[in-house]
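All remarks here apply to the structure that follows.
The values are calculated or read from the model by the stated rules, or taken from the named source; none is laboratory data. This structure is a prediction, so every number in the text was calculated from the model and none was measured. Using ideal geometry, Cβ is built from the backbone for each residue, glycine included, and neighbour counts are taken over all protein chains shown.
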Amino acid sequence: MRYAQAAERGKFAFLFLPDFAGMSKAPEQEAPMLTLDPMMTLAAIARGTERIGLVATGSTTFNEPYNTARQFKTLDVMSHGRAGWNAVTTSDPLVAANYGQEIAPRPERYERAHETIQIAQALWGSWEKDAWIKDPATSRFADADKIQPINLQGKHVASRGPLPIPPSEQGQPVVFQAGGGDYGLGLAGRYANAVIGATFTIEDAKAQRDAIRKAAVDAGRNPDEIKFFAGVMPAIAGSKREALDRRVALGREVFPARVPYLGAMLGLPLDVAQIDEPLTPEQLEAARPSRSIPGHSGPTKSRARAGAFGTSWPTA
């Protein structure tokens, strides 16, 4: 709570909570960072803050759209219009196993993501703006003619609606997107109000922003409807020297756990034992850039080190 309040005093636009519905692969060395349910956490934070946005990650792969729409609309009402949904697909087999499932192919996961977001937004809009009357004098709570079911049936998910929650001050929660590759761009271009980018240089950030704007145009939207946020991970301390020391210390703990991620970026099976060794000529020859990781265009240094869409909707 106090971190959220400090961020609000510092004029931060929003607080973002990621989510990972599983246990760390190496709990002996790495403490779980995402242990609490983000929606319950933000609901508590909403009570102690007034202005800062509250953004949580919610999987479109393992959550039903009605539950997702209900949870985020509830948070939006509780926070007086400050909720945002970072809509993501889930690709980790560890998470899938916790739901008794296996990871579906990427095209299928993104088909479901498109359907889930469309249903959630339709449920949020199932109340017209002036449907909530709340007039004690006439004993009228709402205008039933302005609250309609959505009756959407897709290939993967469906919902009748309507959602039994009146509109919040901002109308609907803000939709965020943080995925990469063509599939992520397609999702962002169609639905996102904001995109969080993993950037490494100013030029990289500009390129990602331009790609997102083009995706919005391709989807028939005004590109100014999407705001791009370049993600940063600052080290904060009392002095620059202390901050750098803290960053180095953190890196010593984090880098080994990130080796598999680097391998995914390069399309290579990498082991933590290689963390201080250059990639072999054979590995460099086999390396291929990932199409699903934002901001990555492939290996550029010969001495690289291991550490260093749409859905058609019939009416139901």
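In table form, for the structure just shown:
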quantity	calculated
Residue 213 in a loop (DSSP other than H, G, I, E, B) and either of a type in the set (Ser, Thr, Tyr) or touching a helix residue (DSSP H, G or I) at 6+ places or on another chain (Cβ under 9 Å) (or both)	no
Residue under evaluation residue 131, criteria (1) hydrophobic (A, V, I, L, M, F, W, C); (2) crowded, with 22+ Cβ neighbours inside 10 Å; (3) in contact with an Asp or Glu (Cβ under 6 Å, 6 or more places away or on another chain), criterion not met	(2)
Any hit, the stretch 244-267, residues being outside any helix (DSSP H, G or I) and either surrounded by 18 or more Cβ atoms within 10 Å (Cβ to Cβ) or not assigned by TED's automatic domain parsing to the domain that holds residue 121 (or both)	yes
Boolean, residue 74 is part of a helix (DSSP H, G or I), surrounded by fewer than 20 Cβ atoms within 10 Å (Cβ to Cβ) and modelled with pLDDT of 95 or more	yes
Selection count, the stretch 159-197, where residues are aliphatic (A, V, I, L, M) and not in a loop (DSSP other than H, G, I, E, B)	8
Within the stretch 121-160, tally of residues that are on the phi > 0 side of the Ramachandran plot and at pLDDT below 95	2
Flag if residue 168 is hydroxyl-bearing (Ser, Thr, Tyr) and either modelled with pLDDT of 95 or more or within 23 Å of residue 18 (Cα to Cα) (or both)	no
